[in-house]
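Rule-based calculations on the coordinates, nothing more; no lab input. Here the structure is a predicted model, which means the values were calculated and not measured. Cβ: placed from backbone, ideal geometry, glycine included. Neighbour counts: every protein chain shown.
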Amino acid sequence: MKFNQLRLRQLHRALVPVMVLPLLLTLTTGVLFQFAVASDGLRPVSDQRANDFLWLLELHRGKFGQINLDFVYPFLNALGLLTLLITGILMWLQTPSRKRPKNANGSR
């Protein structure tokens, strides 16, 4: 099935700048929260330790102060990432394969 290469590139190029900040924010806040809670080494994770870093988890889930995108943010993140993944794979599959030039003796 052949897709319009130009439209795929336009969609991909338009969505990347919109999705880079939310995806980086989700990635960094999730990793930082896990590091912060687990930074005590081998001691069991306490509830108090996790409560100290709930602000990271709130950012991770889409709560930005007075703006609460808790219900929509994960779905928009997932939809944007899935669209970028699909358009990227489709563009990659449609690129022509490069053929290696043959040597003088006919071998590759």
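How many nm is it between the label spots at PHE75 and LYS63, if each spot is 7 Å from the Cα in line with the beta carbon?
Each label point lies 7 Å from its Cα, and together they span 1.9 nm.
Work through the residues other than THR29 whose Cβ is under 13 Å from its Cβ and net out their charges, Lys, Arg +1 and Asp, Glu -1.
Local net charge: +1.
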